[in-house]
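One structure is given here, and the rest of the page talks about it.
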Amino acid sequence: MKKIFLLIFSFYCLQNCYCQKGKRYFEEGNDKFSVNDFKGAMSAYNRAIEINPKYLDAYNNRGKLNVYLQNYLEALSDFNKTIEIDSNYKSGYQNRGVLKSKLKDYQGAIDDYNKAINIDSTLYVTYFSRGQSKFYLKDYQGAIVDYTKSLEINPNYAADYFDRGLVRVTIGGTEKDKGCLDLYKAKTLGIVKDALILIQKYCK
């Protein structure tokens with residue numbers, strides 16, 4: 001009985017050691033990514049994944065790095081892997097949606113954002129991103145609904161005001177004045193230059 005216990009304990013310690021080592025490489029990757037050492041970051045994320053092939057956050061952050069480096073196929077593979085490992089990994093859907101939007105697959109992006117929101121309905125950035133994809137598909141009212149929902153969760157998210165303002169002035173008519181108010185709010189919250197351009201164009 002004692003031998004069995006020691007074997008189990010030794011296995012646990014070994015697994016824990018590997019996980020901690022993988023975490024160190026993951027954190028090293030994050031640190032290097034933050035200072036634009038992209039080669040070093042990629043190497044560190046690769047090492048973390050070699051140690052722990054089911055390291056969700058490592059795949060996710062490597063995917064974001066690949067997006068930044070415009071390695072879109074590799075990024076898609078990384079985000080797909082996170083979802084393959086855990087179908088409830090919301091960041092995988094969110095970031096795959098961002099990638100699909102970047103590749104102009106707006107409906108595919110919306111599908112992924114829907115899945116992320118079904119997992120966690122408090123993701124204000126996901127509502128914002130889904131609103132952008134709806135805007136590109138000219139679903140203006142749907143975009144307004146998403147920006148508004150995002151603002152209900154985070155009332156100080158400047159990008160929501162800016163994009164909702166853009167949608168409203170694009171629609172025109174009775175929406176124009178509301179759009180101008182949104183643009184002024186975005187300017188107050190820090191989106192100064194771009195908001196002023198639209199204010200001067202639409203809000204005279």
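Relative to the first principal axis of the alpha-carbon coordinates of the chain, what is the inclination of helix 175-188, with its axis defined by its Cα atoms, in degrees from 0 to 90 and to the nearest 10? For 175-188 against the chain, the angle is about 50 degrees. For Asn46 and Leu69, a Förster radius of 22 Å and the Cβ-Cβ distance give a FRET efficiency of 0.95, rounded to the nearest 0.05. Mind checking the angle between helix 90-102 and the chain's longest principal axis? C-alpha axes, 0 to 90 degrees, to the nearest 10. Taking the Cα atoms of the chain, the angle to 90-102 is about 50 degrees. For Tyr124, neighbours were defined as the other residues whose beta-carbon sits under 15 Å from its Cβ, and their charges (Lys and Arg +1, Asp and Glu -1) total -1. Shown here for the range 95-177: trypsin sites (Lys or Arg not before Pro) in loop regions (DSSP other than H, G, I, E, B) with at most 15 other Cβ atoms within 10 Å, namely Lys104, Lys138. Just tell me which lysines come within less than 17 Å, Cα to Cα, of Lys185; anything on the same chain fewer than 8 places away is out. Cα-Cα hits under 17 Å: Lys149, Lys176, Lys193, Lys201, Lys204. Taking label points 7 Å from Cα along the Cα-to-Cβ direction, Glu84 and Tyr136 give a separation of 2.5 nm. Measuring nothing but alpha carbons in the chain and taking Rh as the Kirkwood radius, the Rg to Rh ratio lands at 1.13.
What shape does the range 40-83 have by the C-alpha gyration tensor, where a ≥ b ≥ c are the square roots of the eigenvalues, rounded means a/c under 1.5, and otherwise prolate means a/b greater than b/c and oblate the rest? Don't skip to the end; give the middle numbers.
Values: a/c = 2.34, a/b = 1.24, b/c = 1.89.
Oblate.
Rounded to the nearest 10 degrees, the angle from helix 72-85 to the longest Cα principal axis of the chain is 60 degrees.
Bear in mind these aren't lab numbers, they're just calculated from the coordinates by the rules spelled out. Treat the numbers as computed from the prediction; the structure is a model and nothing was measured. Because the Cβ atoms are built from the backbone with ideal geometry, glycine has one as well, and the counts that use them run over all protein chains shown.
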